[in-house]
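**Student:** Right, I'll just put the structure down here and ask away after.
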Amino acid sequence: MLTVILPRNEYSPELKTSLLPLLPPNTQWRDPAADGLEGLRGRKLLFAVALDEGGCNLDYYRMLSALRRDSGLLEDCVGAVAVTGVGEMYTKDVARDLVLSANLAGCAFLGRPLVEATGSLRNFQVQAQLSGTDEETAFRLALAELVERLVNWTPLPPVRRILALHASARATSNTLALWELVKKGLPEDVEIQEICLQNGTLADCIGCSYKACFYFGQQGGCFYGGPMVDEVFPAIRDCGALVMLCANYNDALAANLTAFVNRLTSLFRQSRFYDKRLYGLIVSGYSGGDLIARQLISGLNMNKSFFLPPKFCLLETANDKGSLVKLEGVAERGAAFGRTMF
């Protein structure tokens, strides 16, 4: 059963009109302000949010509050998102907040779950050129493709191989200590590969042209080559789940993890990652773990197409060396996260 959740404002009727021809005949509509979000368990959900001139939608923010208050509100759901704006900003920012909040309420999300349209539709210029059409048609084609993938989605097969990426020093890292606790909850028959990107040899993306990036991707590589091509690319191809081990020092992904996301574009040109799950373990010295979670969502789920399982991230706060393992209940939380990954 597909349900479209449409927070209402003066611009939502136009978005509804764009969606109506693309939806199955038995689609249900839900106004979160009037109908609430209860009773949606196990459904396929399309969140459709139209923003006003200020990049806001008041009913959307009320819905966001409801999602953040109930961690089981959307259990067993899988979702996608369509956001339209009057201006040029905030469409992706709103989508990231929505995906994180709904995910922590139990909703999984497709790889590349977002179609966003800024007021000018300039963000569809490239797609329009590639399709030989105009921006508005490219937007509607993107909506149709997203709806089709959501309607036809089926559960992923069991994971047999996990890849864990980090850029931390094992002797001092609270993040790696958390990973050790999570591993205790994993099934014994799951193969685990860990790769450290700390040694500084991982060059960042230089922004090759589309044709150059596509060419190197077709060859199974990248312009820069190196450990990213020799070690990381094969591991990504073989894994069923990617676990990002993220230490939060400055409210941003570590430089080498950011370089990994950027360099992954070459492999992404060759194949999508719709069948690979994304997880995040995030340890902050003070606060801001949710900021890192949003970066993982936008970089790897929305952009690089990794599937986002329900409650994909585990966030902890630990500053001093060795302090994480002393947190009350952390061993149980870590092992439980490992068990629920599957």
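Where a number appears in this text, it was derived from the coordinates with a stated rule and is not lab data. For clarity, every value in this text was computed on a predicted model and none was experimentally measured. With ideal geometry, Cβ positions are generated from the backbone for all residues, glycine too; neighbour counts draw on all protein chains shown.
**Student:** How long is the gain from residue 136 to residue 170 if the chain were fully straight, where each residue apart is worth 0.36 nm and the alpha carbon distance is subtracted? Don't skip to the answer; put the middle values down first.
**Tutor:** Working: separation 34, 0.36 × 34 = 12.24 nm, distance 5.03 nm.
That works out to 7.2 nm of additional length.
**Student:** Moving to a separate point now. How much of the pair distance distribution for segment 240-342 lies past 16 Å, counting alpha-carbon pairs only, in percent?
**Tutor:** 59 percent
**Student:** Report the Rg/Rh value for segment 243-286, based on alpha-carbon coordinates and the Kirkwood definition of Rh.
**Tutor:** Values: Rg = 12.5 Å, Rh = 11.9 Å.
That ratio equals 1.05.
**Student:** Using only Cα atoms and rounding to the nearest 10 degrees, what angle (0 to 90) does helix 91-104 make with the longest principal axis of the chain?
**Tutor:** 60 degrees
**Student:** Another question, if that's okay. Dividing the alpha-carbon radius of gyration of segment 47-87 by 2.2 N^0.38 Å (N being the number of residues), what value is obtained?
**Tutor:** 1.32
**Student:** Sort 297-306, 32-41 by packing, meaning the average of other beta carbons within 10 Å per residue, with the highest value first.
**Tutor:** Packing proxy ranking, top to bottom: 297-306, 32-41.
**Student:** A follow-up question, please. Alpha carbon centre of segment 49-101 versus segment 1-44: separation in Å?
**Tutor:** Value for the Cα centre distance between the two parts: 13 Å.
**Student:** Give or take rounding to whole Å, what are the principal axis extents of the alpha carbon atoms in the chain, in descending order?
**Tutor:** Result, largest extent first: 56, 48, 37 Å.
**Student:** Quick one: net charge of residue 62's neighbours, Cβ under 14 Å, K/R +1, D/E -1?
**Tutor:** Local charge sum for residue 62: -1.
**Student:** Still on this model: When all alpha-carbon pairs of segment 14-113 are counted, what percent fall beyond 17 Å? Show your work: numbers first, answer last.
**Tutor:** Working: 2548 of 4950 pairs.
Counting pairs separated by more than 17 Å, the tail of P(r) holds 51 percent.
**Student:** Find how much the distance from residue 34 to residue 188 grows on full extension, using 0.36 nm per residue of separation minus their present alpha carbon separation; answer in nm with one decimal.
**Tutor:** Separation in residues times 0.36 nm, less the Cα-Cα distance, equals 50.7 nm.
**Student:** Test of understanding: in a Gaussian network model of the chain with alpha carbons linked when under 10 Å, which of 128, 167, 247 would top the mean-square fluctuation ranking?
**Tutor:** Looking only at 128, 167, 247, the biggest GNM fluctuation is shown by 128.
**Student:** Another question, then. With the cut-off at 13 Å, report for segment 1-64 the share of all Cα pairs above it, as a whole percent.
**Tutor:** 61 percent
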